[in-house]
Structures are given as C-alpha cells and as structure tokens.
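Notes follow the structure.
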Amino acid sequence: MIQSLQGIGMTSSRTRERMINRLMEQGIRSNKILDVIRNTPRHIFMDEALASRAYEDTALPIGYNQTISQPYIVAKMTELLLASSGRLEKVLEIGTGCGYQTAILAQLVNHVYSVERIAPLQKKAKDRLWGLKLKNVSYLHSDGGWGWQDHAPYDGILVAAAPPEIPEMLLQQMAVGGVMVIPIGKGSSQQLQRVTRTEGGYEVERLEPVVFVPFLSGRK
Ligand code: SAH
C-alpha cells in the first residue's frame, strides 16, 4: 500500500511540505515539532480509501465513530504540552485512536502511556507504532477517566476527547509543575484548556474553540 501511494505521489515530500507550510501559517512555531510531523507518515494511520487525503488539514474517520485529529490540532496540543519545560519524562495520553498523536508524542518525550476505551482501535494503533519502531509507548485498554494510576504522576497529560469538565482523577495524577492539555465542553461548544499544577493548586488557561469527539465512559 505504501509503495503504491508513493508511486502516484500522494505521500510525496511536496504534499507533506504543503502541510507543514499550512501549520506554520496557522501559528505553529516549534521547529522540533514541525520536523517530527514532517517525518511521520500520516497516511498509514488511516484506511487505504482515505489515505490520499491524509495530508489535508482535516479530521478523518477511523472507524467506530471516531476521527483522527486534524494536523493543526495535533501540532497545537503538542506545542502547548511541551511549551513550558524541556523534554518531558512521562506523558499520559487519553484517546489513542489511530495512534497518530501518540506517534508524534513518542518522538518528543521519553515515554508515552496511552489509554483507549475501544480495544480494536488501540490494537491497530499499537501495530502501526511498532511498525514505525516507536517502542517507548505503553498501552492500556481502559476508561481514561480513571487515568493510569500505576505510572503517575505525569509531567504531561494530553486528552483527545472532550469531557464536560476536567476529570478529577487526571488532576490527581499530574506532577507538580505538570501540564494537561484538554478540550472541555459539550457538543460543538468546546474550548481547549491548559491546566498547570502548582505547589498550591491548579492554574487553568482557556484557549481557543475546538471540536472533539465526546469523552465517553466505560470500555468497549
Ligand atoms: N489523537 C487521536 C484522536 C482520536 S479521537 C487520533 O489522532 O487518532 C478520540 C479517541 O478518544 C477515540 O479513539 C475515543 O474512543 C477515545 N476516547 C473517548 N473517550 C475516552 C475515554 N473515556 N477513555 C479512553 N479513550 C476515550
């Protein structure tokens, strides 16, 4: 599949470079993040039928009523997560989905702990990341509302689905100085927020409007 796509130029470096230019126009500044996005093949994270659209700036279906996040959102959330400090040690990701955001994070932090409630999605994601030789990732099939206590505290948490409010367990699993990037809200009125845990409590920055799939409870 990959070879046939390369043959007709859908994955050509020009196509990818256009995506990178768009991200820069949209305000993504970190060269480190742009380089990782440039070098990560987004088309392998989706079905063959949609692979030709992989470098468009849009969310696309990945099955089970879920979507792969749009490149701008992946870049923006990654930038917000990494902005405050140097290299993060441990990052908790809620919503593995197809694994694209996971793959980006794995190249920028020491270890990613990724939780997903839909088992077959996570299985496929795991295979893809293994294929890309990204081995610094651990996976858990669970409701992300519980976080992943075994490896807490985390210096970064990235949530890829929108709950109505910040889940308490995730706040508890943040390290002091840690950062969480999370969409909050119902239906189409959601807002991207960044929470920083301080010695005395939590600071919340309210950022831009976003559209994510809902954060659902329970496992499937
Ligand atoms: N970054 C992912 C986004 C996938 S969409 C990607 O680019 O593919 C969001 C994902 O969050 C979906 O796979 C959905 O099943 C998952 N999700 C929603 N609520 C969840 C919860 N409570 N716990 C774990 N995963 C959840």
Inset, instruction - Kindly list, by first and then second residue, each pair from a residue in the range 185-208 that is closer than 18 Å to Ile73 by Cβ to a residue that is among the β-branched types (Val, Ile, Thr) and assigned to a strand (DSSP E or B), limited to pairs with Cβ atoms under 6 Å and residues at least 6 apart or on different chains. - result: Gln190/Val210; Gln191/Ile184; Leu192/Val210; Gln193/Ile182; Gln193/Ile184; Gln193/Val204; Arg194/Val181; Val195/Val204
Inset, instruction - Mind counting the residues in the range 35-63 that are open to solvent by less than 70 Å² (accessible area, probe 1.4 Å) and more than 25 Å from Trp130 (Cβ to Cβ)? - result: 2
Legend entry - Any hit, the range 119-129, residues being more than 10 Å from the ligand (Cβ to nearest atom) and assigned to a strand (DSSP E or B): no
Inset, instruction - Out of the residues in the range 158-191 that are crowded, with 22+ Cβ neighbours inside 10 Å, among the aliphatic types (A, V, I, L, M) and away from the ligand (no atom under 13 Å from the Cβ), state the one that is nearest to the chain's Cα centre (by Cα). - result: Met180
Inset, instruction - For the range 87-99, state whether one or more residues are within 11 Å of the ligand (Cβ to nearest atom), under 11 Å from the mean Cα position of the chain (by Cα) and more than 21 Å from Gly147 (Cβ to Cβ). - result: yes
Inset, instruction - Looking at (1) at pLDDT below 95; (2) more than 9 Å from the ligand (Cβ to nearest atom); (3) among the small types (Gly, Ala, Ser), find the lone condition where Ala106 falls short. - result: (1)
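Any residue at all in the range 208-215 that's more than 13 Å from the ligand (Cβ to nearest atom), touching a Ser or Thr at 6+ places or on another chain (Cβ under 7 Å), outside any helix (DSSP H, G or I) and not acidic (Asp, Glu)? Lay out the reasoning, then the answer.
Taking the range 208-215 first, the residues more than 13 Å from the ligand (Cβ to nearest atom) are 208-209.
With the extra rule that they be touching a Ser or Thr at 6+ places or on another chain (Cβ under 7 Å), the set shrinks to none.
No, there is no match, as no residue in the range 208-215 is more than 13 Å from the ligand (Cβ to nearest atom), touching a Ser or Thr at 6+ places or on another chain (Cβ under 7 Å), outside any helix (DSSP H, G or I) and not acidic (Asp, Glu).
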Legend entry - Count - residues of the range 5-29 that are at pLDDT below 95, farther than 18 Å from Ala59 by Cα and open to solvent by less than 70 Å² (accessible area, probe 1.4 Å): 5
Inset, instruction - Note down all Cβ pairs under 9 Å where the first residue falls in the range 68-79 and is open to solvent by 20 Å² or more (accessible area, probe 1.4 Å), the second is assigned to a helix (DSSP H, G or I) and not acidic (Asp, Glu), and they're at least six residues apart or on different chains. - result: Ser69/Met77; Ser69/Tyr100; Ser69/Gln101; Tyr72/Arg22; Tyr72/Leu23; Lys76/Leu23; Glu79/Ile33
Inset, instruction - Identify the residue in the range 126-157 that is in contact with a Ser or Thr (Cβ under 6 Å, 6 or more places away or on another chain) and touching a residue at least 60 places away in the same chain (Cβ under 8 Å) and, among all such residues, is surrounded by the most Cβ atoms within 10 Å (Cβ to Cβ). - result: Asp143
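Check the range 109-116 and report whether any residue there is of a type in the set (Asp, Glu), without any contact (Cβ under 8 Å) to a residue 40 or more places away in the chain and open to solvent by 40 Å² or more (accessible area, probe 1.4 Å).
Step one: list which residues in the range 109-116 are of a type in the set (Asp, Glu), which gives 116.
Then drop every residue that is not without any contact (Cβ under 8 Å) to a residue 40 or more places away in the chain, which leaves 116.
Next, from what is left, pick out any that are open to solvent by 40 Å² or more (accessible area, probe 1.4 Å): none.
The answer is no, given that none of the residues of the range 109-116 is of a type in the set (Asp, Glu), without any contact (Cβ under 8 Å) to a residue 40 or more places away in the chain and open to solvent by 40 Å² or more (accessible area, probe 1.4 Å).
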Legend entry - Search result, residues across the range 54-77 that are touching a helix residue (DSSP H, G or I) at 6+ places or on another chain (Cβ under 9 Å), within 11 Å of the ligand (Cβ to nearest atom) and farther than 17 Å from Pro41 by Cβ: Ala59, Pro61, Gly63, Tyr64, Gln66, Ile73, Met77
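The values are calculated or read from the model by the stated rules, or taken from the named source; none is laboratory data. None of the values given here were measured: they were computed from a predicted structure. When we count neighbours, we look across all protein chains shown, and the Cβ atoms used for this are built from the backbone with ideal geometry, even at glycine. Just the protein is used for accessible areas: all its heavy atoms, side chains included, with ligands, DNA and RNA removed. Shrake-Rupley method; radii C 1.70, N 1.55, O 1.52, S 1.80 Å.
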